[in-house]
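Each remark here refers to the structure printed beneath this line.
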Amino acid sequence: MFLHITQARSPHKRQLIYYRDLIRELVVRDLKLLYKRSVLGIGWTLISPLLQLAVFAFVFRSVLQVKIPQYASFAFSGLLIWTWTQSALFQATGLITSNRALIRQPGFPIAALPIITVTTGLIHFLLALPVLLIFLAIDGISWSASILLLPILLAFQFILTVSFAYPLAALNVTFRDTQHTLGVLLQLMFYLLPIFYSVEQVPSSLQLVYHINPMVILLEAYRTILIQGKFPDWPLLLLLGVISGLLLPIGYRIFKRQSQRFVEEI
Amino acid sequence: MHYAITAQTVGKRYNRYHADRPRTIMETALWGHRRMKPIEQFWALREVSFAVMPGQMLGILGHNGAGKSTLLQVLSGVVHPDEGNVQVRGRMGALLDLGASFHPDLTGRENVFVSAIVAGLTRREVERRFDAIVEFAELHPFINNPVRTYSTGMLMRLAFAVAIHTDPDVLFVDEFLSVGDLAFQAKCLSRIAQLKANGCAVVLISHNVEQIQQLCDQALWLEQGQVRAYGEPNGIANQFADRMAVKNQMQAFRTYSKQVEIRTVRLWDAQGKPLSMIHSGDAMTIELDYVSHHPCDNVIFSCSISDEAGQIYCNTNTEASSLSISLDPGTGQTRLHLARLDLPGGSYHVNVGIFAAEWSIAYDYQWQAYPFQVHWTPNEQTFLYPPRQWEIIPSPSVKQIL
């Protein structure tokens, strides 16, 4: 058993400040590195979904002729939301294996690492948000009070993503191909989510199964408040909250149990 | 006052896996779960116990693979012990993988902030120490350049400066002083001494026996994951150095040229009778018969006494006594008279060797070939049993009972 007693000179308040500073510093480091490595820097976070959107517009408006009103806002919101979770999960999976130095640092809270990655993703999301708002404006959508619910949805998505990031990061220590496998699965998930098509187009016999995926509920809720300007389906939102609240401790527990072996395995 | 670090019967077990243990999901799916299981387990550490007070320094000695680094990892909590308890009180600092958390594309300033916060400081605390860190590292003109432009020495200086300014209550140091120039090493040592004086407990891994003797209050000698010796650093460091020397000697002289051969060794007591057992403090004469096949100049005779474990207690040679010995072909005899052998009881061996001038060739060497016993009555743990006498002087201020 290892017992670390922190002394009275570092009470809980300092500990909280410390976690805030740690997460902020490492998020800023990630952003700085992204910014320094390419001329476009943060711009990349916008260019990729915009290019995807251009392809979507071509394929689904002109070739397949999907009838969804305000398609640009519809597809772009789906893309942004899913890009956050997708890239955060993919990066979080490689966290432990690529951060040897941090894992070996005495007293370092390893459990903060997935939170840092998901936070970095959130910052990218927020940086791209003005572009989404421009699309909404172009599509003639005016804001309503429902947009005030956005932070709650962001919080739910944050918790949900972190919950999955924990076990995946731990699994990648035992099985080094977890990240590659996950890349393929996330690519498939992209097609299984209502990103470039709408939930209504799913056959009614499959609707129930389709809604098991919490990401589906989340995407719908986002669009309800952003595009339709209505308040979302409250029971579904509550369910989402309960699911996130259950998954987080499970994911964290798995990570914590495995974390004792990290140093010897990497 | 509380201990800063306590370790009680700490054990760490590692698994050894099948050589082609599956490392991927794909392989596991193909070959099944069987090969995932460890084929063997071994203890990297076992039954390790010690305690360090605030302001004390513990030196850890041991050969490669003795478990020193594992012990440091267990103490710092990055590896969990399978047995026993470790308790650490206060903020931990470490001089382990210096500079490993630096990112080459970030500037010195940015890296100082990242690594100091990773090491446990809040942003405010780093801001307050920033100037001191840069000054200590002597990197003021370069602090805004990316660290990929730094030399290795500069990197190490910066990393050390950060690590040492985190105000740890407990500091773990893994063999760091191969770093930087001598002046900087001296600066680092004095900074560690300063931390120690301010009540920081230090655990130091070092191969440098003198360093352990000079700096540490306690020493722990690990051998194959177990404590070989624990306690006062001078004695333990010397024992360790001897053991290293014997090991090296054994390896160096595995074959002997036999130009001069040892024929036999006899042990005599003070009365000139053959002995196999003496009492502590008795005299002993070691007689060596040799045969020389060629004329040789400046021959060295060497003689030592060791215990069953190979620990050398007494070691002398003719060169040390400034004797210049030339041998003609033929047989001869050499005697070493020991006026007293103040050894505690136990089984010992006499080791003898004959070497060419300046130890260039080992003509012959016999390790632990001639045993003898020392008879012993006092119930004491000691390495040496000199003639002794206690004298109790009654103090006027202390009232004597009875």
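Just so it is clear, none of the values below were taken in a lab; they were calculated from the coordinates. For clarity, every value in this text was computed on a predicted model and none was experimentally measured. Cβ atoms come from the backbone with ideal geometry, glycine included; neighbour counts cover every protein chain shown.
Order by neighbour count: A:THR93, B:THR331, B:THR6, B:THR24, fewest other Cβ atoms within 10 Å first, most last. Let's see the in-between values first.
Working: A:THR93 27, B:THR331 10, B:THR6 18, B:THR24 15.
In increasing order of surrounding Cβ atoms, one gets B:THR331, B:THR24, B:THR6, A:THR93.
For region A:113-210, the Kirkwood estimate of hydrodynamic radius, built from reciprocal distances between every pair of different alpha carbons, is 16.5 Å.
From zero outward in steps of 5 Å, how is the percent of C-alpha pairs of region B:65-164 spread across the bins? With a bin width of 5 Å, the distribution comes to 2, 13, 22, 21, 14, 11, 9, 6, 2, 0. Shielding value for A:23-35 is 3, the average number of Cβ atoms from other chains within 10 Å of each residue's Cβ. Taking the longest Cα principal axis of chain B as reference, the axis of helix B:182-197 is set at about 80 degrees.
With a sphere of radius 15 Å drawn around the Cβ of A:SER259, what net charge do the other residues whose Cβ falls strictly inside it have (Lys, Arg +1; Asp, Glu -1)?
+4
For region B:260-375, the fraction of C-alpha pairs farther apart than 18 angstrom is 49 percent. The distance separating the Cα centre of region B:261-327 from that of region A:70-139 comes to 77 Å. Overall dimensions of chain B, expressed as equivalent-ellipsoid semi-axes from the Cα gyration tensor (√(5λ), whole Å, largest first), are 50, 29, 25. By the Stokes-Einstein formula, at 1.567 mPa s and 4 °C, region B:321-384 with its Kirkwood radius over alpha-carbon pairs has D equal to 86 µm²/s.
For A:VAL199, neighbours were defined as the other residues whose beta-carbon sits under 14 Å from its Cβ, and their charges (Lys and Arg +1, Asp and Glu -1) total -2.
How about region B:304-402: which GluC sites (Glu not before Pro) there lie in a loop by DSSP and see at most 11 other Cβ atoms within 10 Å?
On the way: sites: B:GLU308, B:GLU319, B:GLU358, B:GLU380, B:GLU391; in loops: B:GLU308, B:GLU319, B:GLU380, B:GLU391.
The qualifying sites are B:GLU308, B:GLU380, B:GLU391.
If you average the C-alpha positions of region A:162-228 and of region B:47-102 separately, how far apart do those two centres end up, in angstrom? So the two Cα centres are separated by 44 Å.
Which value, in Å³ per residue, describes the convex hull spanned by the Cα atoms of region A:13-265? Could you put the intermediate results ahead of the total?
Values: hull volume 37.9 nm³, N = 253.
With only Cα atoms used, region A:13-265 gives 150 Å³ per residue.
Within straight-line reach of A:LYS230, meaning a Cα separation under 14 Å, sit the following aspartates and glutamates at least 8 residues removed in sequence or on another chain: A:GLU220.
For region B:5-244, what is the convex hull (Cα atoms) projected area averaged across all directions, in square nanometres? Don't jump to the answer; show the numbers that get you there.
Working: hull surface 61.7 nm².
Projected over every direction and averaged, the Cα hull of region B:5-244 covers 15.4 nm².
The magnitude of the dipole of the protein assembly as shown, with charges of +1 and -1 set on the Cβ of Lys/Arg and Asp/Glu and taken from the Cα centre, is near 2360 debye.
Per-residue counts of other Cβ atoms within 10 Å, averaged by peptide: what ranking do you get for A:109-120, A:159-170, highest first? Numbers along the way, then the final one.
Values: A:109-120: 20.8, A:159-170: 23.8.
Final packing ranking: A:159-170, A:109-120.
Residues B:LYS273, A:LYS230 in ascending order of nearby Cβ atoms (within 10 Å, fewest first): B:LYS273, A:LYS230. Amide hydrogen proximity for B:GLU47: with H placed 1.01 Å from N in the peptide plane, the residues at 5 or more positions away or on another chain lying under 5 Å are B:VAL10, B:GLY11. Near B:ARG228, the amide H atoms lying under 5 Å from its own belong to B:TRP221, B:LEU222, B:GLU223; only residues 5 or more places off or on other chains count, and H is placed 1.01 Å from N. Calculated mean residue ellipticity, 222 nm, chain B: -7500 deg cm²/dmol, from DSSP H runs (n ≥ 4) at -39500 (n - 2.57) each, averaged per residue and rounded to 500. By the rule of a C-alpha distance below 12 Å, with chain neighbours fewer than 8 residues away ignored, the aspartates and glutamates paired with B:LYS12 are A:GLU264, B:GLU47, B:ASP82, B:GLU83. With N as its number of residues, the protein assembly as shown has a Cα radius of gyration that, divided by 2.2 N^0.38 Å, comes to 1.36.
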